[in-house]
Amino acid sequence: DICAPSWKHDAASPDLRQGLDLQDVSALILEKTQVMRETLSGVLRTLGVRDLRATSDPSYAFELLSAQPADIIFSDWSPGLNGIEFLNRVRRHPETPTPFIPVIMVTANTDPRHIITARDNGITEYVAKPFTARRIYDRVWEVIERQRKFVRNATFFGPDRRRRIKPVKSSERRITVH
């Protein structure tokens, strides 16, 4: 199931943010700089991810994703690497194999307007650079343990931007897909 990868966690753990088993998770990293690709790859390996593919080229990243879908994408957004354009291609391109894939944007673009732009284009989670291994782990935990339904309307396709604990009882204006 494209929306629910087979990620596991240790339910007996007193801290629910501990114990994720990430060894079967495949990750695609789109990052402009080699140093940051290596840093993020190292963090993910430390967290247990074994299947990693990384590139600085958005077109090649889409080719990699099309050839062998990943469970999660980490994407940069910086001058010279348009992570929003890549995100739109992943979410909306007719040949995308995984429009529901979680995409975590890892970027130094931390101005509120950038965060809103990323959210409004269907980003799943957002991590500001510089980051810690714990911050990456927490965002992966959010993606796994708090999966959000996807919403599609005339101007948006992506995870529901609202984080709800209780279901909404009023009628929805959006169509929810899963």
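Numbers for the structure displayed
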{"item": "Any hit, the range 49-56, residues being within 16 Å of the chain's Cα centre (by Cα), touching a residue at least 40 places away in the same chain (Cβ under 8 Å) and not in a strand (DSSP E or B)", "result": "no"}
{"item": "Subset of the range 27-48 that is charged (D, E, K, R), within 19 Å of Ala128 (Cα to Cα) and outside any loop (DSSP other than H, G, I, E, B) - its residue that is least open to solvent (accessible area, probe 1.4 Å)", "result": "Arg37"}
{"item": "Criterion violated by Leu20 - all others in (1) surrounded by 12 or more Cβ atoms within 10 Å (Cβ to Cβ); (2) at pLDDT below 95; (3) touching an Asp or Glu at 6+ places or on another chain (Cβ under 7 Å) satisfied", "result": "(3)"}
{"item": "Test: residue in the range 73-80 that is under 9 Å from Ala27 (Cα atoms), of a type outside the set (Phe, Trp, Tyr), at pLDDT 95 or above and surrounded by 17 or more Cβ atoms within 10 Å (Cβ to Cβ)", "result": "yes"}
{"item": "Test: residue in the range 59-80 that is of a type outside the set (S, T, N, Q), part of a strand (DSSP E or B) and more than 15 Å from the chain's Cα centre (by Cα)", "result": "no"}
{"item": "Qualifying positions in the range 100-126 - assigned to a loop (DSSP other than H, G, I, E, B) and crowded, with 17+ Cβ neighbours inside 10 Å", "result": "Phe100, Ile101, Pro102, Asn109, Asn121, Gly122, Ile123, Thr124"}
{"item": "Thr96 free of Cβ contacts under 8 Å to residues at least 60 places away in the same chain, open to solvent by 60 Å² or more (accessible area, probe 1.4 Å) and outside any helix (DSSP H, G or I)", "result": "no"}
{"item": "Residues (in a helix (DSSP H, G or I), of a type in the set (A, V, I, L, M) and crowded, with 16+ Cβ neighbours inside 10 Å) located in the range 127-163", "result": "Ile136, Val140, Val143, Ile144"}
{"item": "Any hit, the range 71-86, residues being touching a Lys or Arg at 6+ places or on another chain (Cβ under 9 Å), touching a residue at least 24 places away in the same chain (Cβ under 8 Å), under 16 Å from Phe150 (Cβ atoms) and among the acidic types (Asp, Glu)", "result": "no"}
{"item": "Conditions (1) farther than 13 Å from Asp76 by Cβ; (2) touching a helix residue (DSSP H, G or I) at 6+ places or on another chain (Cβ under 9 Å); (3) among the polar types (S, T, N, Q); number of the one not met by Asn109", "result": "(1)"}
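The values are calculated or read from the model by the stated rules, or taken from the named source; none is laboratory data. This structure is a prediction, so every number in the text was calculated from the model and none was measured. Heads up, the Cβs are rebuilt from the backbone with ideal geometry, glycines too, and the neighbour counts pull from every protein chain shown. Ligands, DNA and RNA are stripped out before the accessible areas are found, and what is left, the full protein with its side chains, is counted by its heavy atoms. Shrake-Rupley method; radii C 1.70, N 1.55, O 1.52, S 1.80 Å.
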